[in-house]
Each structure stands twice: as C-alpha cells, then as structure tokens.
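Quick notes on the structure that follows.
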Amino acid sequence: MGKQKLTIKDLAVIDFPTDVTRSLALNIMNRHFKHTSNDEKLNLILDVLQNPGNYTDHSTLSILALKLVAKVPVVQPFNTYTLADEPAHFDMFGSKHIELSAVQQMALAMRLPIAVKGALMPDAHQGYGLPIGGVLATKQAVMPYGVGMDIGCRMALTILDAPGSYIDRHVYELKKALGAETHFGNDGALETMQDHAVLDHPDFQLTALLRKMHGKAVRQLGSSGSGNHFVEFGTLTIEEGNRLQLPAGTYGALLSHSGSRSLGANIAQAYTAIAMDRCRLPREAKSLAWLDLDSDAGQEYWLSMSLAGAYAQACHDRIHANLCRALGLSALHTVENHHNFAWKETLHDGETYIVHRKGATPAAPGEMGIIPGSMTTPGYVVSGKGNEASLNSAAHGAGRQLSRQRAKNSITMSSLRKTLQREKVTLIGGSAEEAPEAYKDIELVMSSQATLVNVEGIFQPRVVRMARD
C-alpha cells in the first residue's frame, strides 16, 4: 500500500477537544502511520479519543493519549538544564572580521546540551539568541531564536528577459512600478488585494494562533517589512559555464529581500515564550531555549515555521509577478533561498540533524543562493560547495559592522545621497541606518568563504526601494 497523507479537511469529521490534540493527531498519523489507509487512521484517532487510557503506554500514540486523560496536570512540566563548562568545537570563516560578541554568543550556544555541530559565517555579528550568521545543528530539538523573529526571511532573484541596458534606460518606469507595486513597513498593505495558493493552506486551521493570523496574512501578502528589507532592479552579469545554464552576458534583474511579516513574528514570540517556560536555562542562555520535536509544542512550532516560510515565499512570488506584469517583462530564471529557518538535513556523517541557519545561506553541493551586499555594492549569485565544516552553509549578506543606532548617529542623509550619486544608484525611501558604510565589505566576506561557494553571477543594484525608517 502506498503512502497516504491525512489533511486537516479529513479531520473535520472528528470533534477534537482542543487545537493541540487535533494538531498532535495529524502529525502522529502522518509521521508514524504513513502506510496505513486514511480510514484506518481516522478510526484509530477516534479510538484514542474515546479510550485514551488504553494508549498511555503506546510507543507513538501515548503523547496524544496523555493529553486526554484526566490525570494529566494543567500546568505544563518543565526541565532545568545546565551548560557544559566548555563549548563544543565550531568553525569560523573570516574570523578576523567577526566581532568578539558574536563569537561569544556562538560559544555560549555550543555549551548547550543539545548542541552537536556549529559554525559561524564571515558576515556574523551579534544578535539575540544565536548570533546573526550562526549555524547550529541539534538532534530532534528546534530553537525558536535559532531561527529568528523573521521566520523565512529570504532572497529572491528574477533574471528578466531584458538586457542590462534596459535598467539604465528605464529608471523612471522602474521607480513608478516600485512605487505602485510594492509596500514597505510594519503596517498597511498593497492597494490591490493579492491572491496566492498559500492563503488556502490547510495548516492555517491547525492552531488558534494560525487561525487568528490568517486575516492579517491575507492583508500583508506581497508586502515587505522595514529595516534592511528591499526590492530593487539592477544588472546581473554571468560568465560562460554558469549553473544557471544561461548565455554569458549582462541581464536586467529584480532582487527582493523580506520575510514572513507579522505571521512569522507572532509565531516566533509565542513559541519562544513556551520554550523559555518549559526549557529552563541559566540566565545568560535563557534566549537559547528549545522545544523537543517529539513534544506537541515542538510539532506545532515546526508546522507553523514551515507555513511562515511558505508565506514568505508567496510574498516574493507576488512582488515579482506584480512588477513583471506592470513592466511587461517575463522571467528567464529564478533563484531564491531562505536564510532564517531550520531544516531537517543529513550531514556528512550520515546523521540527520535539525540545522538552524540564522542569517546564513544554505550551500549544499550545487545549491543555488543569493548573497547581497548593500544598496550600492554588488550581490552574488552563488552555488554551494557542500563544505562539511560550515554545515553546508554560507554568509547571507555583507553583515552589519555598525549597529543601527551607531549608523544613525554617524552617517547623515547628505553623505548617503552623495554615495548614491557617485555609484549611480536611485533610492526610494531608505535611511542612513542602511547606508553602505553600516555594512562590512562584501568583497572581504566573499573572499572569506571561497571554500563555501562558487560565484555564478554578480548583481549590481540600480533602482532600490526600502522602508523610510
């Protein structure tokens, strides 16, 4: 018998006592009963709901049964953990360009009992939880702050059916399209209601939080956040023999950077609170709390994270489709990747891990990705080399060298405008906090990870839109 997968619609015939039990039943059936018919799965779920006491010792169904029996306490249990005296080994790339505070944050994470492997990318800098640019592999444990607040923050590049010269010849039209077809900031939305298959994803009905967020997800679809999020037109130069399998030359291209909007932020906040409540760590490591993937909360976070990632991708889909439609252009090729996410991956030792990449690009052998610079410096289309020491990862950008506050205090809009004029870049919105001087030298970052990625193309920004923070 082939694999059959239950959906949330299949479960509509069953009256579950809570959202947690519904989510738990769906995940258990699809994980442990793959070769059981859907009718048998539904009958088994009904029997557990009606007779939970018969299943409290079952190898896979006990977690659902224990949720249903009256003797289970309302207060969730918690575990207290200590840290190892010394951190497990982790590799660093471009270590001379990485601030000490980021190294210390990564070292703290590698003292966790769940930490198995780790790495620090050359664009790394201090964050909350894992450092930005931190990669952490665990066994059956997921850390919400190892993924980050903006779940599924990602890059998307559309190579256009237009030569690079099109960009410089049509700056006015590109500015007009960006103004009409994109929206930035924490509030508001595009004027035209957007549609995408992700809005009908059944997982939006799995938990109370996801159901609550659905309406806002509908409104925010196709929009971008603030800070370093952007949508920009530029030129992409590629050489012969590239993995994109395109003729060498310079093409017009569209590049975007943003994540899962309010949906991801609310998921991150909710499950970080749960993790901190159930996983008690020393004060200095509190933000590194994790969820066991065999627990109901861990399973809920995983499916919620996955949905947020799909939603982030949908936002980019709409941004690119809207702009191409407005300009009468079509796509020759698309490259895209998450850089705030967790994956189940089999690494070089043959073991499967939960690999957290917080501000890091997946770089398995041949895997395509995008590593941007700043609003005036090049970005790079890359293919991964599958470096074992980096856990198949690479940098996600140039990385900040000045905090937002330091950049705000030391860089003026006047100096930013001079930089933009010198580099022939048109900026819509934006702020001094995102000025090129606030970021590391992208060339140093790329030279520090020559063992991690191959360069397949170089993108040069020309018309950039960002939030006016």
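Here are some notes:
- Since only THR182, VAL135, PRO77 are under comparison, the one whose Cα sits farthest along the positive direction of the charge dipole of the range 65-196, derived from C-beta charges on Lys, Arg, Asp and Glu, is PRO77.
- Read-out Rg and Dmax of the Cα atoms in Å, derived from the coordinates shown; its label in (1) 23.2, 74; (2) 22.1, 61; (3) 24.1, 91: (1)
- Note on HIS214: accessible area approximately 50 square angstrom, rounded to 10, probe 1.4 Å, nucleic acids and ligands left out.
- Of the GluC sites (Glu not before Pro) in the range 153-226, the ones in a loop by DSSP (not H, G, I, E or B) with at most 13 other beta carbons within 10 Å are GLU191.
- Short-range pairs are left out: with C-alpha atoms under 8 Å and at least six residues apart, the relative contact order of the range 115-210 is 15 percent.
- DSSP beta bridges in the chain [antiparallel fraction, %, rounded to 5]: 90 percent
- Exposed trypsin sites (Lys or Arg not before Pro) absent - longest run of the chain, DSSP non-H/G/I/E/B, at most 10 other C-beta within 10 Å: 72-469
- Derived scalar couplings between HN and Hα for the range 439-446 equal 10, 5, 6, 4, 5, 5, 4, 5 Hz in order, rounded to whole Hz, by the Karplus curve 6.51 cos²θ - 1.76 cosθ + 1.60 (θ = phi - 60°), x for Gly and Pro.
- Excluding same-chain neighbours fewer than eight residues apart, the lysines reachable from LYS358 by a Cα-Cα span under 24 Å are LYS96, LYS117, LYS139, LYS286, LYS344, LYS385, LYS440.
- Ordered from largest to smallest accessible area (heavy atoms of protein chains, 1.4 Å probe), the residues MET121, MET446, MET193 come out as MET193, MET446, MET121.
- C-alpha center-to-center spacing [the range 343-393, the range 153-197] in angstrom: 26 Å
- Relative contact order, percent, the chain [alpha-carbon distance under 8 Å, six or more residues apart]: 20 percent
- Radius 13 Å from Cβ of LEU174, net charge of other residues (Lys, Arg +1; Asp, Glu -1): +1
- For the range 362-469, the set of GluC sites (Glu not before Pro) satisfying both a DSSP loop assignment and a count of at most 15 other C-beta atoms within 10 Å is given as GLU388.
- Potential extension, SER165-MET413 segment - 0.36 nm per residue separation minus Cα distance: 86.4 nm
- Extension gain for ILE14-ALA248 works out to 78.5 nm (0.36 nm per residue, less the C-alpha to C-alpha distance).
- In Å², nearest 10: area of ILE159 left accessible to a 1.4 Å probe: 0 Å²
- In sequence order, the range 251-259 has phi-based couplings of 10, x, 8, 10, 10, 9, 9, 5, x Hz under the Karplus curve 6.51 cos²θ - 1.76 cosθ + 1.60, θ = phi - 60°, and Gly or Pro positions carry x.
- Distance from the range 103-132 to the range 8-34 (C-alpha centre basis), Å: 36 Å
- Solvent-accessible surface ranking, highest first, for SER410, SER37, SER59, SER383 at 1.4 angstrom: SER59, SER410, SER37, SER383
- Normalised contact order of the range 354-408, rounded percent, pairs of Cα under 8 Å and 6 or more residues apart: 36 percent
- Taking the C-alpha atoms only, the angle from helix 296-327 to the longest principal axis of the chain is near 30 degrees.
- Potential lengthening of the chain between GLU423 and ALA84 amounts to 117.1 nm, from the contour at 0.36 nm per residue minus the alpha-carbon distance.
- Amide H to amide H, with H built 1.01 Å from N, GLU456 comes under 5 Å of VAL381, VAL382, SER383, counting only residues 5 or more places away or on other chains.
The values are calculated or read from the model by the stated rules, or taken from the named source; none is laboratory data. Source: prediction; values computed, not measured. Cβ atoms come from the backbone with ideal geometry, glycine included; neighbour counts cover every protein chain shown. Surface accessibility is based on the protein's heavy atoms, side chains included, excluding ligands, DNA and RNA. Shrake-Rupley method; radii C 1.70, N 1.55, O 1.52, S 1.80 Å.
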